[in-house]
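Reading through the structure tokens given below for one structure.
The values are calculated or read from the model by the stated rules, or taken from the named source; none is laboratory data. Note that the structure is predicted; figures quoted are calculated from it, not measured. Ligands, DNA and RNA are excluded from the accessible area calculation, which covers all protein heavy atoms including side chains. Shrake-Rupley method; radii C 1.70, N 1.55, O 1.52, S 1.80 Å.
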Amino acid sequence: MEERNGSAPILFQMATGYWVSQAIYVAARLGIADFLKDGPQSCVALATVTGADATSLFRLLRALASVGVFSHVQGDCFALSRLGDSLQTEVEGSLRAMVITLGEIHYQACGHLLHSVQTGSPAFNHVFGASLFDYLQQNADAADAFNQGMSNLSSMLAYAVLMAYDFTGISSIIDVGGGQGKLLEKILQFNPDMRGTVFDTSSTIQRSQEQLGTNTRSRRCSYLTGDFFTSVPQGADAHLLCGVIHDWDDDHAVTILRNCRKAMTRGGRLLLVDMIVPDAASPSFSKLLDLNMLVMNGGRERTIVEFCALLNTAGYKLTRIVPTMAPQSVIEGIAN
């Protein structure tokens with residue numbers, strides 16, 4: 001039956017999944033979706049503006065149309081599909097930058113997953129000769145794609161967090177490892193009396209301000225640079241860490257959390273925005289993301305039990321876990 005209708009066995013489809021992911025990456029890197037935003041285009045026209053080979057580009061778009069990323073109109077003409085809309089650069093919910101970073105440094109590191117499983121060490125270091133964040137400091141293009149990808153995800157996640165978590169009683173907040181500050185910007189937008197500070201490395205803040213230009217001045221949040229392994233700014237009612245703790249193993253994570261605890265005011269809150277791995281043997285994206293964290297930086301996704309143990313070691317009591325509409329939850333803690 002599968003042979004007659006052209007479908008491959010499911011396990012084979014899963015094993016060749018990187019064919020699709022790399023095809024999507026190439027379309028994102030070439031900016032195909034941006035050139036299709038005003039209507040269908042021929043592959044000859046698209047090849048001219050992207051510098052690609054027209055015949056090969058046709059084969060790429062035909063393959064992606066077969067999985068719904070683009071629409072094959074007729075002949076060599078293709079159009080955007082609803083699924084492919086997110087590959088545009090300047091749209092709400094854009095995933096273009098994330099797809100590019102996934103298709104480049106993530107893809108190369110994941111190709112050496114075997115190294116991580118055999119050694120317990122990040123394959124990224126093995127492939128690139130440096131840790132992830134050291135590499136990003138030395139390679140501006142890779143850093144821009146990575147940071148913009150994280151920023152895009154933070155913008156989308158912000159609404160899920162705001163709908164789920166009540167920020168009442170928090171007058172000031174520090175976004176630790178906040179990158180471009182997209183998440184904090186949305187939080188401040190919906191909480192006009194709150195003050196906010198983005199805290200990240202000097203290189204990240206510098207790139208963020210260069211990309212935002214004059215828009216930085218109109219924002220209500222301030223920017224501070226530093227190293228969260230050394231210290232974290234004091235004087236806020238809450239310290240927010242979105243997608244930070246899962247980047248690190250337990251020892252590094254505890255160091256970051258202890259520095260946040262030292263900086264907390266009396267009655268302050270710790271807010272972690274991360275996925276929680278279900279204990280049950282059920283399908284969960286968090287279990288695949290956990291492998292990616294192993295490969296990229298030696299980090300990990302955690303179960304509720306593991307989060308409790310981590311917070312307890314760092315001197316916190318887990319007060320509640322607030323699920324959101326996104327895969328992430330808000331994990332709230334207070335100092336013991």
**OP:** Can you bin segment 180-334 into rounded, prolate or oblate? Criterion: square roots of the alpha carbon gyration tensor eigenvalues sorted a ≥ b ≥ c, rounded for a/c under 1.5, prolate for a/b above b/c, oblate for the rest.
**Re:** prolate
Subject >> Between helix 250-263 and the chain: long-axis angle, C-alpha atoms, 0 to 90°, nearest 10 >> reply: 50
**OP:** Can you bin segment 215-286 into rounded, prolate or oblate? Criterion: square roots of the alpha carbon gyration tensor eigenvalues sorted a ≥ b ≥ c, rounded for a/c under 1.5, prolate for a/b above b/c, oblate for the rest.
**Re:** prolate
Original post:
When only the heavy atoms of the protein chains count and the probe is 1.4 Å, how do MET14, MET293 rank by accessible area, highest first?
Top reply: MET14, MET293
Original post:
If you average the sequence gap of Cα pairs under 8 Å that are 6 or more apart and divide by the length of the chain, what percent do you get for the contact order?
Top reply: 13
Subject >> Calculated SAXS-style log₁₀ I(q)/I(0) at q = 0.07, 0.09 Å⁻¹ - the chain, Debye, Cα scatterers >> reply: -0.33, -0.54
Original post:
By how many degrees, 0 to 90 and rounded to 10, does the Cα axis of helix 304-313 deviate from the longest principal axis of the chain?
Top reply: 40
**OP:** Would you mind checking the tilt of helix 54-66 against the longest principal axis of the Cα atoms of the chain, expressed as 0 to 90 degrees and rounded to 10?
**Re:** 60
Original post:
Considering only protein heavy atoms and a 1.4 Å probe, what is the carbon-and-sulfur percentage of the accessible area of the chain?
Top reply: 54
**OP:** May I ask you to give the solvent-accessible area per residue for the chain, in square angstrom, as obtained with a 1.4 angstrom probe?
**Re:** 51
Original post:
Going by the alpha-carbon gyration tensor, a ≥ b ≥ c the square roots of its eigenvalues, is segment 287-336 rounded (a/c under 1.5) or, if a/c is not under 1.5, prolate (a/b greater than b/c) versus oblate?
Top reply: oblate
Subject >> Cross-link partners of LYS186 among aspartates and glutamates (Cα-Cα below 17 Å; sequence separation of 8 or more within a chain) >> reply: GLU92, ASP166, ASP175
Subject >> Computed [θ] at 222 nm, deg cm²/dmol, the chain (DSSP H ≥ 4; -39,500 (n - 2.57); rounded to nearest 500) >> reply: -14000 deg cm²/dmol
